[in-house]
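This report concerns only the one structure given below.
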Amino acid sequence: MAENVTSLFRSTAAHSPSMAALAREGGDGGGPIDFCIPCNPYFPTPAMFDDMAGRLRDIITYYPSSADTITAELCNLLQLPPQAVAMGNGSTELITWIDHLLVRESLAIPVPTFGRWTDQPMETGKRVDMFPLQESSGFALDLAQYAEFIRARGTRVAVICNPNNPDGGFLHRHAIVQFMDAMADLDLVVIDESFLEFADAEAEPSVVQEAMLRPNVIVLRSLGKNFGLHGIRFGYLVANPALAGRVRSMLPKWNLNAFAEHVVFMLKNHGPEYAESLHQVRRDRLDMASQLAALPGLTVYPSQGNFLFVRLPVGAEGTVVRDRLLTEHRILVRECGNKIGSSSRFLRLVVRPQVDVRRLVSGLEQVLYGTRRGAAAVPELATGTSYSSGTAAVDRLVGSSNGAGIPMPAPMPPAAVSVPAPVPAAPVPTPVPAPAPMPAAAAVGPTPPGVPARGGLTAAQVRGTTGPGLAPAPATGWPNAGWPNAAGMG
Ligand SMILES: Cc1ncc(COP(=O)(O)O)c(C=O)c1O
């Protein structure tokens, strides 16, 4: 399978090949262990899958109910007013409509991020102002600097992914609300909370309630990731009724399929299993981060998503690591060279159960260090540049500009992996021109010795859970029949 399978990655521009395509190429019908697609591995439960399998024929034989009926049930569950909600065939469908309807000239987005947030508006001729997240600050988004960037470029729409994909960077609710205040004059502010269910840094991190009160804010939520059902394609947005109604009016009849209907209607009976699945993912995240951070030279960034962003040791080339993990160990990882603002030095690794993580770690040890740790076994490709997207045009774009024709800041000096490097202090607060002041970024405490590279976590930090974004938080509130609250399921 080796060459066939790895060639699939070369033919996909911005995303990974589908699991179905990989399984077909694999030949034996079984896919690899999936550390690539960020999906909740604990939900639905096996019993729920059995129930769906038993009803397969009924589910797919008939038309589903209208999206209004399915949306009303979801709103019932989440205690949201249906007029403030639009449900789409995956949140990607909603991103598409947000772009068509509400992005008129320009959109700002921190990069690296989910590819549709950069590519969709570019495909429809909008200017995309890409705000580079800095490796030196662990890819944390500094909202004050982002606001300044938006003002300097006159961008009309601002997007924040919280947590961000691929790094898992998280922003507290109060900071996002202040950002929304500061951006009240923009055409639109989108807060993409597609991965927020996995966060535990704050008890109620969602800004859904605030979005409904404002004329220019949309909160986007995917359901595929937290419900472990990417293939069903369902997601929703929350906004004030006028804004939500505009998007809803564009959606085709029966845009939600019968599987989506079935799942939405079965959820009310499975709140406790869902809550437990999220707790387990959060526990796994700590455990997995700690195991990965123990690998020499590998840097793990703080994440509140159900994935970890890691920087490979110096000398390791991501595409080679990805291909060898797949062909020699049947482990699928997301190499991030084709994400704008990232490079082939980075992998995104989905949080999975410990038994799978042990296989990942063992595979990485063999691929990165040969049979023993410490001696790099993976050659670096001679690209002449540290950035490799797999697309020459994107490489040039990222190498020379921020995507809007603005020169990039001077490149960072190479990180000294074996030498402990301090995480820089939080930036000095920067005033935002109008209309309201922005908060400074959350202060990052002094970094204990042993940090493998800038902005990353040592195993000790991960275990201590005192690093940014890893502070344990109270469990999700579960009112009424054990189902999460209106802020979007906790
Ligand atoms: C930040 C973000 N938003 C939205 C999506 C789209 O999700 P969906 O499967 O609901 O279309 C993704 C997919 O990975 C994502 O990373």
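Using the Cα gyration tensor of the stretch 89-212, with a ≥ b ≥ c the square roots of its eigenvalues, what is the shape: rounded (a/c below 1.5), prolate (a/b larger than b/c) or oblate (neither)? Cα axes put the stretch 89-212 in the rounded bin.
Across the stretch 148-214, C-alpha contacts under 8 Å between residues 6 or more apart give a mean separation that, scaled by the residue count, equals a relative contact order of 39 percent. Overall form of the stretch 47-268: prolate. Here a/c, set by the Cα gyration tensor axes a ≥ b ≥ c, is 1.5 or more, and a/b is the larger of a/b and b/c. Averaging the sequence gap over all C-alpha pairs within less than 8 Å and six or more residues apart, then dividing by the number of residues, gives the stretch 47-268 a relative contact order of 29 percent.
Please label the shape of the stretch 30-106 as rounded, prolate or oblate, based on the square roots a ≥ b ≥ c of the eigenvalues of the alpha-carbon gyration tensor (a/c under 1.5 means rounded; beyond that, a/b larger than b/c means prolate, else oblate). Taking the square roots of the gyration eigenvalues as a ≥ b ≥ c, the stretch 30-106 is oblate.
In this simple spin-label model, placing a label point 7 Å from the Cα along the Cα-to-Cβ direction at both Thr69 and Arg151 gives a separation of 5.1 nm. Among Tyr62, Tyr369, sorting on how many other beta-carbon atoms sit within 10 Å of each Cβ, with the fewest leading, yields Tyr62, Tyr369. Calculated FRET efficiency, Ala21 to Glu328, Cβ-Cβ distance, R0 = 22 Å: about 0.65 to the nearest 0.05. Assuming a viscosity of 0.890 mPa s and a temperature of 25 °C, what translational diffusion coefficient in µm² per second does Stokes-Einstein assign to the stretch 180-289, Rh being the Kirkwood radius over Cα pairs? D, rounded to a whole number, is 155 µm²/s. Here Lys126 is the anchor, and the aspartates and glutamates within straight C-alpha reach of less than 13 Å, apart from those fewer than 8 places off in the same chain, are Asp99, Glu105. Projecting the Cα atoms of Asn89, Leu74, Val238 onto the charge dipole of the stretch 47-268 (Cβ charges, centred on the Cα centre) puts Asn89 farthest toward the positive pole.
Spacing of the modelled spin labels on Val361 and Asp185, each 7 Å from Cα toward Cβ, amounts to 5.3 nm.
Packing-based ranking of 269-280, 40-51, 254-265, 303-314 yields 303-314, 254-265, 269-280, 40-51, ordered from highest to lowest mean Cβ neighbour count within 10 Å.
Each reported figure results from applying straightforward, stated rules to the coordinates on display, with no laboratory input. A quick note: this is a predicted structure, and the numbers were derived from the prediction, not measured. For neighbour counting, all protein chains shown are included, and Cβ atoms are generated from backbone atoms with ideal geometry for every residue, glycine included.
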